[in-house]
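Undergrad: Please find one structure pasted underneath; my questions will follow.
The values are calculated or read from the model by the stated rules, or taken from the named source; none is laboratory data. Treat the numbers as computed from the prediction; the structure is a model and nothing was measured. When we count neighbours, we look across all protein chains shown, and the Cβ atoms used for this are built from the backbone with ideal geometry, even at glycine. To get the accessible areas, we keep the full protein, side chains included, count just its heavy atoms, and leave off ligands, DNA and RNA. Shrake-Rupley method; radii C 1.70, N 1.55, O 1.52, S 1.80 Å.
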Amino acid sequence: MNDFSDLPEPGAPDALPAYLVGLNPPQRDAVEATEGPVLVLAGAGTGKTRVLTSRLAHLILTRRAQPYQILAVTFTNRAAREMRERVSAQIGPMAQDIWLGTFHALAARLLRRHAELVGLKSSFSILDTDDQLRLLKQILQANAVDEKRWPAKMLLGTIERWKDRGLTPDKLSTDELSANGAGEMAGGRLVDLYRQYQDRLKILNACDFGDLLLHIVTIFQQHSDVLAEYHRKFRYVLVDEYQDTNVVQYLWLRLLAQQSKNICCVGDDDQSIYAWRGAEIENILKFDKDFPGAKIVRLEQNYRSTAPILAVAGHLIAHNEGRLGKTLWTAQNGGAPVKVRGVWDGSEEAREVGDEIESLQREGQGLGSMAILVRAGFQTREFEERLLTLGVPYRVIGGLRFYERAEVRDAIAYLRLIAQPDDDLAFERIVNLPRRGIGDVALQTLHRAARAAGLSLSLAAYAVVATDELKPAARKAVSGFLTDIDRWRQLSQGLSAAELTEQLLEDSGYTAMWQADKSPEAPGRLENLKELVRAVEEFETLPAFLEHVSLVTERAENNPEEQITLMTLHAAKGLEFDTVFLPGWEEGVFPNQRSLDESGARGLEEERRLAYVGLTRARQRAYIFHAANRRIHNQWQSLLPSRFLSELPQTEIDLSAVTGLAGAYRKSATETYSGASYGTGESNGDRWAARKAAPSRGPVIEGRATRLVTGTSPRFQVGDQIVHQKFGAGTVDIADGDKLQVTFESAGVKHVMAAFVEKSG
């Protein structure tokens, strides 16, 4: 029997509890439907967090459960904190006893109590991504797997997807292995490598994030007594954002709730936008089949957006077949129609958005209440450039500013070193990126030589490669790198800065590195590199571009707090703004072509849900833009308006700047201008021919290694007895400035740097 002695006494019988005051009828229904399975379909802006916290208060204050008998699951720590704070305001300190947290936090808490059942100790460590990769690389090396052919990051991504689907090595079926060619990875040995990886984790008394849920599901499935313990413990289960659950999360929740059936899942099938990271929309769509007799409550009254915005969003999402269905409405009157504007190209799109932002500012709208929501991260670049030109402060949420992204900074480091040989920071960043076999020891040798001679790393490297200071493999790698830099520096005299950028990214292997990377971030990084080439095209010279980047970075460091927000549509989920700009609504951009190619109809429906999420972020105003032309993969393309535009209700949108919108996307296939002019009168073919004709090799600074030592006072003479840090004792045979030929007692004749030796007597 439960002990409720620590709960507050109920109020007067006829008094409405404070946590129910102000709830609309469906919200109250969702709070008070305590017994049996409940699915709350909470549309955007319908107050789902209030429903969840009020339901928690209701379960406790009506004495249906003690706080520790409730399991409440969220996806983010932020959501968990907010929920606990709200419940604490309603019921006081007792809220601390609720099992409330993220999937991983709660699973870890359970696993520490039963770790021995999966071969671990309760003190197990949880590995981060770097540790996971390091461990898997050790296993690949031990199994003679070529990591250049099968990168550890790619293989780990596949293992993580298996874990998200609740699949241990012994559960992998033929169908699972045939999906995406997983069975052929690592020469058909990936399942065995997965098994070795798991065994190694147990030896280390460690697990990764995927194991937290996978292990606890395994325990529940194999140890009925443990599962029964938690059936008795948790009388009620609440889940937030149920549409975002993956398979193993779904299995965990079903196992916990299969006896009491008192599970309440809150979510919105129309906002399921994370299939790329394992979310299964089917989990919410089949809720009533998993839990027969489930009560479904629809929250449809929206407290965020105007009626026109809701009408446009609702009309659009109604074209999806895979949904349970609901219609958002608002008690608000009025509201401006959603504006749809067609522009010539991406540059005009950025100018139009910038003009509208300034106009809204003049009307008294704050920058903090506006957002530009893009489908892909590379789209932010033109908006960043335009906002900087206008002096409009901005921030990028869910990602870095364009020129601060790692792949962009890497590429710019190559350009900096070509333009300025003495840029040590650029040299250090890229000398072994992609990996060339130039490790820390080799770099330390270059540093010592540079300090001793008072030279930059780049110049010192030319001298060091003429000696035996580096191991043969490292010497060859450094020499090859310097040869490439010299060649690109020579090509910079005849190629445009954009052409040079494109060629060095390809020749260096940097683009290939990201093409081989199978992580979810890799396609976006490749798009950013292509966008960088576009950015460089806007400048006449390489130095002009590099100066621009420096100024942009400097100006970005001192922005005031009031800023407009740039972010991807994925990052915008859960947020809201008075004004939302939605650019790039063209076929291939949005809906995204890669999503359509990889997932077909399912991908299209998720893209449409993403559009719905974007529209429902807006409180008062929404602007949709589409361009007739856009540079994609470094080629001008004429683009068709997104099919989503033809699915919008004509009565709720402002088409003043668009003609023939409905059905326009059906007119013709996208036309690619392969020979378009780039402002110089040359076609792509002309420029490619010129590039091929350019010399591929050649000295840029003739006699550089010799000139490095000019004017250096000789410290050593022939016959001097010396000691070298690596080669030991020897006698100087030839002294040429800072370069010596020495006969060593153990190592024989070597060419060394004078900075690395000392006289022995």
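Rundown of residues vs (1) in contact with a Lys or Arg (Cβ under 9 Å, 6 or more places away or on another chain); (2) more than 19 Å from H751 (Cα to Cα), yes/no style:
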| residue | (1), (2) |
| --- | --- |
| A450 | no, no |
| S456 | no, yes |
| L459 | yes, no |
| A466 | yes, no |
| A473 | no, no |
| E506 | no, yes |
| Y510 | no, yes |
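Undergrad: All but one of (1) modelled with pLDDT of 95 or more; (2) surrounded by 21 or more Cβ atoms within 10 Å (Cβ to Cβ) hold for F402, so report the exception by its number.
TA: Here F402 meets the rest and fails (1).
Undergrad: Before we move on, is A535 surrounded by 16 or more Cβ atoms within 10 Å (Cβ to Cβ) and either at pLDDT 85 or above or part of a helix (DSSP H, G or I) (or both)?
TA: Considered against the rule, which asks whether it is surrounded by 16 or more Cβ atoms within 10 Å (Cβ to Cβ) and either at pLDDT 85 or above or part of a helix (DSSP H, G or I) (or both), A535 comes out as yes.
Undergrad: Sticking with this structure for a sec: In this structure, is H231 in a helix (DSSP H, G or I), over 26 Å from the mean Cα position of the chain (by Cα), touching a residue at least 24 places away in the same chain (Cβ under 8 Å) and buried (at least 21 other Cβ atoms within 10 Å of the Cβ)?
TA: So H231 fails the test.
Undergrad: Same structure again: Please work out if L106 is surrounded by 14 or more Cβ atoms within 10 Å (Cβ to Cβ), in a helix (DSSP H, G or I) and touching a residue at least 40 places away in the same chain (Cβ under 8 Å). First the steps, then the outcome.
TA: Working: surrounded by 14 or more Cβ atoms within 10 Å (Cβ to Cβ): yes; in a helix (DSSP H, G or I): yes; touching a residue at least 40 places away in the same chain (Cβ under 8 Å): no.
For L106, the condition - surrounded by 14 or more Cβ atoms within 10 Å (Cβ to Cβ), in a helix (DSSP H, G or I) and touching a residue at least 40 places away in the same chain (Cβ under 8 Å) - is not met.
To keep it simple, each residue is scored yes or no on (1) more than 30 Å from G325 (Cα to Cα); (2) open to solvent by less than 30 Å² (accessible area, probe 1.4 Å).
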{"position": "G43", "(1), (2)": "no, yes"}
{"position": "K48", "(1), (2)": "no, no"}
{"position": "L52", "(1), (2)": "no, yes"}
{"position": "R64", "(1), (2)": "yes, no"}
{"position": "I70", "(1), (2)": "no, yes"}
{"position": "A79", "(1), (2)": "no, yes"}
{"position": "R84", "(1), (2)": "yes, no"}
{"position": "G92", "(1), (2)": "yes, yes"}
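Undergrad: Looking at A754, A735, A705, A747, can you tell me which residue is modelled with pLDDT of 80 or more and closer than 17 Å to Y462 by Cβ?
TA: A754
Undergrad: Let me ask something additional. Restricting to the stretch 321-339, what's the tally of residues that are assigned to a loop (DSSP other than H, G, I, E, B) and surrounded by 18 or more Cβ atoms within 10 Å (Cβ to Cβ)?
TA: Result for the stretch 321-339: 6.
Undergrad: Inside the stretch 26-67, can you point out the residues that are β-branched (V, I, T) and either part of a loop (DSSP other than H, G, I, E, B) or without any contact (Cβ under 8 Å) to a residue 12 or more places away in the chain (or both)?
TA: Scanning the stretch 26-67 gives T34, T46, T62.
Undergrad: OK, next. Condition first: crowded, with 16+ Cβ neighbours inside 10 Å, farther than 30 Å from G47 by Cβ and touching a Phe, Trp or Tyr at 6+ places or on another chain (Cβ under 9 Å). Can you find one or more residues in the stretch 141-154 that meet it? Can you show your working first?
TA: First pass over the stretch 141-154, keeping only residues crowded, with 16+ Cβ neighbours inside 10 Å: 145, 147, 150-154.
From what's left, farther than 30 Å from G47 by Cβ: 145, 147, 150-154.
Imposing the further condition that a residue be touching a Phe, Trp or Tyr at 6+ places or on another chain (Cβ under 9 Å) reduces the set to none.
Scanning the stretch 141-154 turns up no residue that is crowded, with 16+ Cβ neighbours inside 10 Å, farther than 30 Å from G47 by Cβ and touching a Phe, Trp or Tyr at 6+ places or on another chain (Cβ under 9 Å).
Undergrad: Which of the residues belonging to the stretch 158-186 are modelled with pLDDT of 85 or more and in a helix (DSSP H, G or I)?
TA: Selection gives T158, I159, E160, R161, W162, K163, D164, P169, D170, K171, M185, A186.
Undergrad: Considering only residues that are part of a loop (DSSP other than H, G, I, E, B), at pLDDT below 90 and either among the charged types (D, E, K, R) or out of contact with any Cys (no Cβ under 8 Å at 6 or more places or on another chain) (or both), which ones fall in the stretch 123-144? Give the derivation first.
TA: Our first condition is that a residue be part of a loop (DSSP other than H, G, I, E, B); within the stretch 123-144, this holds for 123-124, 127-128, 143-144.
From what's left, at pLDDT below 90: 123-124, 127-128.
Matches in the stretch 123-144: S123, D128.
Undergrad: Being charged (D, E, K, R), open to solvent by less than 60 Å² (accessible area, probe 1.4 Å) and on the phi > 0 side of the Ramachandran plot: is that true of E176 here? Give the steps one after another, and end with the answer.
TA: Numbers: charged (D, E, K, R): yes; open to solvent by less than 60 Å² (accessible area, probe 1.4 Å): yes; on the phi > 0 side of the Ramachandran plot: no.
No; evaluated as a whole, the condition is false for this residue.
Undergrad: So which helices (runs of 4 or more DSSP H) stay within the stretch 433-516 end to end and still have 3 or more residues that are at pLDDT below 85 and not β-branched (V, I, T)?
TA: Result: 440-453.
Undergrad: Another question about this same structure. Of the residues V297, V312, V353, only one is open to solvent by less than 30 Å² (accessible area, probe 1.4 Å), within 30 Å of N24 (Cβ to Cβ), part of a helix (DSSP H, G or I) and of a type in the set (V, I, T); which?
TA: Sole residue among the options that is open to solvent by less than 30 Å² (accessible area, probe 1.4 Å), within 30 Å of N24 (Cβ to Cβ), part of a helix (DSSP H, G or I) and of a type in the set (V, I, T): V312.
Undergrad: Against the definition (under 26 Å from the mean Cα position of the chain (by Cα), basic (K, R) and at negative phi), how does R195 come out, yes or no?
TA: Answer is no for this residue.
Undergrad: Right, here's the next one. Which one of the conditions (1) outside any helix (DSSP H, G or I); (2) open to solvent by less than 70 Å² (accessible area, probe 1.4 Å); (3) farther than 24 Å from V73 by Cα does L100 fail to meet, given that it meets all the rest?
TA: The single condition L100 does not satisfy is (3).
Undergrad: Within the stretch 405-452, restricting attention to residues that are surrounded by fewer than 20 Cβ atoms within 10 Å (Cβ to Cβ) and among the aliphatic types (A, V, I, L, M), which residue is nearest to E382 (Cα to Cα)?
TA: A406
Undergrad: Can you go through Q259, Q222 and tell me which one is open to solvent by 20 Å² or more (accessible area, probe 1.4 Å) and touching a His at 6+ places or on another chain (Cβ under 6 Å)?
TA: Within the list Q259, Q222, the selection yields Q259.
Undergrad: Okay, moving on. Can you pull out the residues in the stretch 179-219 that are among the aliphatic types (A, V, I, L, M), open to solvent by 30 Å² or more (accessible area, probe 1.4 Å) and under 19 Å from L120 (Cβ atoms)?
TA: Once the filter is applied, which keeps residues that are among the aliphatic types (A, V, I, L, M), open to solvent by 30 Å² or more (accessible area, probe 1.4 Å) and under 19 Å from L120 (Cβ atoms), the stretch 179-219 yields I203, L204.
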